[in-house]
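Enquirer: Here you go, one structure.
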Amino acid sequence: MREGLMMDDYPLSLTAIATRAELYAPRRPVTFRRPDGSVGRLTLGECAERAHRLAGALRAAGIGPGDPVATLMWNQPEHLEAYFALPAMGALIHTLNPRLHPDELSFIVNDAEDRAIIVDGSLLDVFESFSDARAFSPVIVVHHEGDDDLPEGYVDYEQFIADAEPLAWPEPHERAAAAICYTSGTTGRPKGVVYSHRALVLHSIVGGLPDANDLCSQDVILPVVPMFHANAWGLIYSAALLGAGLALPGPKLDAVSVLDLMQEARVTRSAGVPTVWMAVQEALDAEPDRWDLSALSGLLVGGSAVPPSLLRGMDRHGLTIVQGWGMTETSPLASVCRLPAELADADPETQIAYRARQGTSLPMIELRARSDDGQLIPWDDTAMGELEVRGPWVAKAYLGGAGAEKFTDDGWFCTGDIVTLNAEGNIRICDRSKDLVKSGGEWISSVDLENLLMSHEDVAEAAVIAIPDEKWGERPLAVVVPREGSAPDPESLREHLAAQYAKWQIPERFEFVDEIPRTATGKFKKTTLREQFVDTAV
Ligand code: ADP
């Protein structure tokens, strides 16, 4: 090989991203809301400076290169400081999801071999539910005004960093590990994904592109998606890289709190799972003039399928949703759905149908899908297969070699998502493989049924699960949350579905509930629904 003569050894590191924020965007705002509802303000420069002191204090406490340090925090400035400090000092940031079961958290902190932990004061009870599992040292607590005194053995975050010698960032290797995040266990035991600096840097750059999240230095980004959920979809590092401001909402993610903060911080971009935006839409429908959202221009929505009814509903408020798809294993952003130029003048319903797709892969991400018999499916939008993915920010293995069957011999990762691909390779997710309903040998997509049900005027939310059936193998069962003040009857819902579905695809059974249980990342928890309804199946 004749080599190029460029500085190819320059490391693509998060250190460079943290330094960039510090040097070029020190005055950009970091607005945050505390658990008690109070709003505070810092800047990217102040957070970066505090990150140097946090790193110095951690180094003095014995944390060195390659050591994982857990965080149990909301989207808050101290979490941003840990996002900067830990990878930049050569350690690993391991974000913990406080909504997981204590047994799962115990398993995760031991599997990752976490050395120390930083905890928000409002999460001390969660911490104490698994703190016996491991000897963390130190345990650093972000203590809020008015909270009880810290118990013995815990260190106050502000005291910890107050007099610390700021650590100058060492130059890391781009392949060095920078962060750990566990898959949330929607499908079996949580597995650790270990991100490299290089992967997260490339992900942050590409994630900012106009056809991806479309971010720039003028933006103020409000990640509703938690910083413990797959790196907050890359928005934190993209913001630092580009010099965009941040609005960090803390624990309160109800619609009114989110909308208040959007107004207060003049937010331009936000991101989160569909259930968050369904609640926001309801609040806006009820009080369309309450909030000044004139700065807000886009919402990135993903994590589960975006129902067309939500796209339409938010369009009515002048808020454009763009759908993305990804997984913890893909850092997570792998595809984004932007309307192709050819459809710019198409009728609204054609556009909505396109925008309800999961999108085209980001540059450098390759996609393919294989049917049950192992053959690659054609890009004809009809054949269904399991999606596989490869690229520079996709995991090549899990921590400790778990889940090896998810990686193919020729270097692809099997997602477990069942898709069709259109002629441009744009993904349409039909289901997760374990959620598909197989009735009389034919597949029924629960996502499609849910979307159509949620477009019924009396339906707020709907989830479809498979229940065993003697004659057909499986049948779909629809769990429905009625819109406030309405009481839809199964017959009208069946009629609504009959407009697009064959008779055999329409559920016989409808169950009406007040709410659908959520996973730790805010998705419909179908495992719980199955437990709840399968026993009572007729
Ligand atoms: P988990 O769901 O196990 O908590 P992740 O947060 O990594 O783990 O979720 C990844 C999965 O979420 C994908 O495999 C896919 O099933 C689902 N998903 C993500 N984005 C979308 C989307 N836009 N539409 C449909 N499903 C999605």
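The values are calculated or read from the model by the stated rules, or taken from the named source; none is laboratory data. Just so it is clear, the model here is predicted, and its values are computed rather than measured. Note that each Cβ is placed from the backbone with ideal geometry, even for glycine, and that neighbours are counted across all protein chains shown.
Enquirer: Go through segment 316-334 and report how many residues are closer than 25 Å to ILE93 by Cα and not in a helix (DSSP H, G or I).
Expert: 8
Enquirer: If a residue has to be in a strand (DSSP E or B) and touching a helix residue (DSSP H, G or I) at 6+ places or on another chain (Cβ under 8 Å) to count, how many in segment 378-391 make the cut?
Expert: 1
Enquirer: Has segment 364-385 got any residue that is closer than 22 Å to LEU299 by Cα and more than 15 Å from the ligand (Cβ to nearest atom)?
Expert: no
Enquirer: Right, something else. Restricting the search to segment 493-518, which residues are aromatic (Phe, Trp, Tyr) and closer than 17 Å to VAL480 by Cα?
Expert: Passing the criteria: PHE510, PHE512.
Enquirer: Here is a follow-up. Quick one: GLU515 ticks every box in (1) closer than 23 Å to CYS430 by Cβ; (2) assigned to a loop (DSSP other than H, G, I, E, B) bar one, so which box is it?
Expert: It fails just one condition, (1).
Enquirer: So LEU150 fits all but one of (1) modelled with pLDDT under 95; (2) closer than 18 Å to PHE228 by Cβ; what number is the exception?
Expert: (2)
Enquirer: Name the residues in segment 55-96 that are closer than 18 Å to GLU158 by Cβ and assigned to a loop (DSSP other than H, G, I, E, B), would you?
Expert: Of everything in segment 55-96, those that are closer than 18 Å to GLU158 by Cβ and assigned to a loop (DSSP other than H, G, I, E, B) turn out to be ALA61, MET73, TRP74, GLN76.
Enquirer: Taking the options LEU150, LEU124, name whichever one is surrounded by 13 or more Cβ atoms within 10 Å (Cβ to Cβ) and not in a helix (DSSP H, G or I).
Expert: When all the criteria are applied, what remains is LEU150.
Enquirer: Return yes when ARG509 is touching a Leu at 6+ places or on another chain (Cβ under 6 Å) and more than 17 Å from ARG432 (Cβ to Cβ) and no when it is not.
Expert: So ARG509 passes the test.
Enquirer: Can you work out which of the residues in segment 476-524 that are of a type in the set (Gly, Ala, Ser) and more than 16 Å from the ligand (Cβ to nearest atom) is surrounded by the most Cβ atoms within 10 Å (Cβ to Cβ)?
Expert: The extreme case among them is ALA478.
Enquirer: Going through segment 316-335 one residue at a time, which ones are buried (at least 16 other Cβ atoms within 10 Å of the Cβ) and without any contact (Cβ under 8 Å) to a residue 24 or more places away in the chain?
Expert: Of everything in segment 316-335, nothing turns out to be buried (at least 16 other Cβ atoms within 10 Å of the Cβ) and without any contact (Cβ under 8 Å) to a residue 24 or more places away in the chain.
Enquirer: Among the numbered criteria (1) away from the ligand (no atom under 16 Å from the Cβ); (2) in contact with a His (Cβ under 7 Å, 6 or more places away or on another chain); (3) not small (Gly, Ala, Ser), which single criterion is violated by TRP393?
Expert: Condition not satisfied by TRP393: (1).
Enquirer: Just need a number here: residues in segment 21-39 that are more than 25 Å from the chain's Cα centre (by Cα) and either crowded, with 20+ Cβ neighbours inside 10 Å or touching a residue at least 24 places away in the same chain (Cβ under 8 Å) (or both).
Expert: Looking only at that region, the number is 3.
Enquirer: Further, regarding this structure: Has segment 248-271 got any residue that is modelled with pLDDT of 95 or more, within 15 Å of the ligand (Cβ to nearest atom) and over 18 Å from ALA460 (Cα atoms)?
Expert: yes
Enquirer: Against the condition within 15 Å of the ligand (Cβ to nearest atom), of a type outside the set (Ser, Thr, Tyr) and buried (at least 22 other Cβ atoms within 10 Å of the Cβ), how does LEU296 come out, does it pass?
Expert: Spelling it out, it is not the case that LEU296 is within 15 Å of the ligand (Cβ to nearest atom), of a type outside the set (Ser, Thr, Tyr) and buried (at least 22 other Cβ atoms within 10 Å of the Cβ).
Enquirer: Go through (1) crowded, with 19+ Cβ neighbours inside 10 Å; (2) within 24 Å of PHE84 (Cα to Cα) and name the single condition SER137 misses.
Expert: (1)
Enquirer: Taking segment 285-314 only, how many residues are over 19 Å from LEU453 (Cβ atoms) and in contact (Cβ under 8 Å) with a residue 24 or more places away in the chain?
Expert: 13
Enquirer: Can you pull out every residue in segment 461-470 that is out of contact with any Asp or Glu (no Cβ under 7 Å at 6 or more places or on another chain) and touching a residue at least 12 places away in the same chain (Cβ under 8 Å)?
Expert: Hits for segment 461-470 are GLU461, ILE465, ASP469.
Enquirer: When you scan segment 205-260, how many residues do you find that are over 19 Å from TRP277 (Cβ atoms) and β-branched (Val, Ile, Thr)?
Expert: Going through segment 205-260 one residue at a time, the tally reaches 3.
This table checks each residue for (1) under 16 Å from LEU124 (Cβ atoms); (2) out of contact with any Leu (no Cβ under 7 Å at 6 or more places or on another chain); (3) away from the ligand (no atom under 16 Å from the Cβ).
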{"residue": "VAL142", "(1), (2), (3)": "yes, yes, yes"}
{"residue": "ASP156", "(1), (2), (3)": "yes, no, yes"}
{"residue": "GLU171", "(1), (2), (3)": "no, yes, yes"}
{"residue": "GLY192", "(1), (2), (3)": "no, no, no"}
{"residue": "LEU202", "(1), (2), (3)": "no, no, yes"}
{"residue": "GLY207", "(1), (2), (3)": "no, no, no"}
{"residue": "PRO226", "(1), (2), (3)": "no, yes, no"}
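Enquirer: Output yes when any residue across segment 306-315 is buried (at least 17 other Cβ atoms within 10 Å of the Cβ), within 15 Å of the ligand (Cβ to nearest atom), part of a loop (DSSP other than H, G, I, E, B) and within 16 Å of the chain's Cα centre (by Cα), and no when none is.
Expert: yes
Enquirer: Consider only pairs whose beta carbons are under 9 Å apart and that are at least six residues apart or on different chains; among these, list those whose first residue lies in segment 119-139 and is in contact (Cβ under 8 Å) with a residue 12 or more places away in the chain and basic (Lys, Arg) and whose second residue is buried (at least 20 other Cβ atoms within 10 Å of the Cβ) and part of a helix (DSSP H, G or I).
Expert: Cβ pairs passing all conditions: ARG134/VAL109.
Enquirer: Residues that are within 30 Å of ALA286 (Cβ to Cβ): which strands (runs of 3 or more DSSP E) entirely in segment 392-507 hold 2 or more of them?
Expert: It comes to 459-469, 473-482.
Enquirer: Can you tell me which residue within segment 336-373, out of those that are within 21 Å of ILE418 (Cβ to Cβ) and of a type in the set (S, T, N, Q), is surrounded by the fewest Cβ atoms within 10 Å (Cβ to Cβ)?
Expert: SER371
Enquirer: If you check LEU100 against the conditions, is it modelled with pLDDT under 95, under 20 Å from the mean Cα position of the chain (by Cα) and crowded, with 22+ Cβ neighbours inside 10 Å?
Expert: Judged against the criteria, LEU100 is a match.
Enquirer: Looking at this structure, is MET327 away from the ligand (no atom under 16 Å from the Cβ), modelled with pLDDT of 95 or more and within 30 Å of LEU96 (Cβ to Cβ)?
Expert: Against the criterion (away from the ligand (no atom under 16 Å from the Cβ), modelled with pLDDT of 95 or more and within 30 Å of LEU96 (Cβ to Cβ)), MET327 does not qualify.
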